[in-house]
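**Student:** Can you read through this structure? Questions will come right after.
The values are calculated or read from the model by the stated rules, or taken from the named source; none is laboratory data. The structure presented is a predicted model; accordingly, all values stated were derived computationally and were not measured. Glycine also receives a Cβ, built like all others from the backbone with ideal geometry; neighbour counts cover every protein chain displayed. Note: areas computed on protein heavy atoms with side chains; ligands, DNA, RNA excluded. Shrake-Rupley method; radii C 1.70, N 1.55, O 1.52, S 1.80 Å.
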Amino acid sequence: MLSKFGRGVGWWWRAFGSVSRRKYHHDLIDISPEVLHALQNSHPVVALESTIITHGMPYPHNLETALEVEEVVRSENATPATIAIVDGRIKVGLSREELSVLASPELKAIKTSRRDLAHIVSTGGCGGTTVAGTLIIANKVGIRVFATGGIGGVHRDGHITMDISADLVELGRTSLAVVSSGVKSILDISRTLEFLETQGVCVASWQSPEMDFPAFYTRKSGEKATVNFNTAQEAAQLIDASLKLDLKSAILIGVPIPHEYAMDEVQINSAIGDSLTAAAERGVTGKMVTPYLLSAIAQITDGRSLHSNMALIKNNAKIAAQIAIELSAIGQKTTCVTAPTQDQSSCPIVIGGSMLDITYTILDDEDIQLILSPDSVDL
């Protein structure tokens, strides 16, 4: 009886340990050598989405921006990890050639959120990961900071159509810090923030004492965040606390677009209104609404909105890299083992330990006759 019980515990512990460590299937995800080296050595890494390449900008601006954003992250001494799906392989960190493939207008990549991941992988397709899709993959490989332009949200008629981005749900169940210029201006920002509150997402402003939440193309939306970060260190401290509490929800950091690239509020709202009308007339629905609106707004503003979009994503990447560096520094401090001093050299240092208690209940006198041999317990 005891011998069988011992073998059972040993088997269960080995199996459980194996499953708990396997956060993703290695046969499905390719991590570039640069990103893998950074993760293995606890160096700062910044995740980057790829729908901005496949759907957010026209060629060649999409490729130029992707390369420049990665260079911004590297210039801050962090490692960029652009995430996408290429020929059915989930890629964490892309080569220049892979970025070029994604940016090509002939590719026709699929806009990839949670619902699309398994389909595109199983059929060997190519996909640009949305904020939601990027969050899932980044979380699986252990990246904790993610930079993007703007997140999806509740559409302006969302209370009627129920058109709500999957980004919001994913933010409510993924432990990452997302640095963006708020919610895309084409959306209902007020309702989006209400939804994020329900999901338990901490919404922060960046260097705004009044806690103004940005509106993508403009620096203020009229809505307020719940906390403000003045420095990357402050942001990293809150992220670290959230991770230690295992809250399993994201922290959304709204960084306003740089002053020189901010657009006039009246002009951009007029352009958004005209684009929404055009989208409705053409019957544009679902996940193609946002790419259509961004393209239409760029045409109406003679390309000024496109340049603003390019500028804000680079700025967000820079700040995300700074936060990732501070978060990495906190992790190194908490995991550092101090060498013993001369006075402590004679004291033993115990790292880790295990204990297994086994309780045996005697049901009748015959059980007392049970003889245990050294080989009877196999843990």
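**Student:** Filter region 220-241 down to residues that are within 18 Å of residue 147 (Cβ to Cβ) and either polar (S, T, N, Q) or assigned to a loop (DSSP other than H, G, I, E, B) (or both), then give me how many there are.
**Tutor:** Here the count works out to 3.
**Student:** For region 155-180, give me the residue count where each residue is open to solvent by 10 Å² or more (accessible area, probe 1.4 Å) and either at positive phi or more than 16 Å from the chain's Cα centre (by Cα) (or both).
**Tutor:** Residues flagged as open to solvent by 10 Å² or more (accessible area, probe 1.4 Å) and either at positive phi or more than 16 Å from the chain's Cα centre (by Cα) (or both) within region 155-180 amount to 9.
**Student:** Still on this structure, please answer the following. What residue, of 241, 250, 225, is open to solvent by less than 60 Å² (accessible area, probe 1.4 Å) and in contact with a Phe, Trp or Tyr (Cβ under 6 Å, 6 or more places away or on another chain)?
**Tutor:** 225
**Student:** Return the only residue of 136, 83 being touching an Asp or Glu at 6+ places or on another chain (Cβ under 9 Å), surrounded by fewer than 24 Cβ atoms within 10 Å (Cβ to Cβ) and either of a type in the set (Lys, Arg) or closer than 21 Å to residue 184 by Cα (or both). Reasoning before the result, please.
**Tutor:** Numbers: 83 fails: surrounded by fewer than 24 Cβ atoms within 10 Å (Cβ to Cβ).
Testing whether each residue is touching an Asp or Glu at 6+ places or on another chain (Cβ under 9 Å), surrounded by fewer than 24 Cβ atoms within 10 Å (Cβ to Cβ) and either of a type in the set (Lys, Arg) or closer than 21 Å to residue 184 by Cα (or both) leaves just 136.
**Student:** Further, regarding this structure: With 145, 183, 131, 201 as the choices, which residue is at pLDDT below 95, open to solvent by less than 50 Å² (accessible area, probe 1.4 Å) and closer than 29 Å to residue 328 by Cβ?
**Tutor:** 183
**Student:** Taking into account only those residues within region 289-308 that are surrounded by 22 or more Cβ atoms within 10 Å (Cβ to Cβ), in contact with a helix residue (DSSP H, G or I) (Cβ under 7 Å, 6 or more places away or on another chain) and polar (S, T, N, Q), which is nearest to residue 76 (Cα to Cα)?
**Tutor:** 308
**Student:** Taking interchain pairs and intrachain pairs at least six residues apart, which have beta carbon atoms under 6 angstrom, with the first residue in region 77-96 and within 16 Å of residue 67 (Cα to Cα) and among the aliphatic types (A, V, I, L, M) and the second open to solvent by 20 Å² or more (accessible area, probe 1.4 Å) and assigned to a strand (DSSP E or B)?
**Tutor:** 84/91; 92/31
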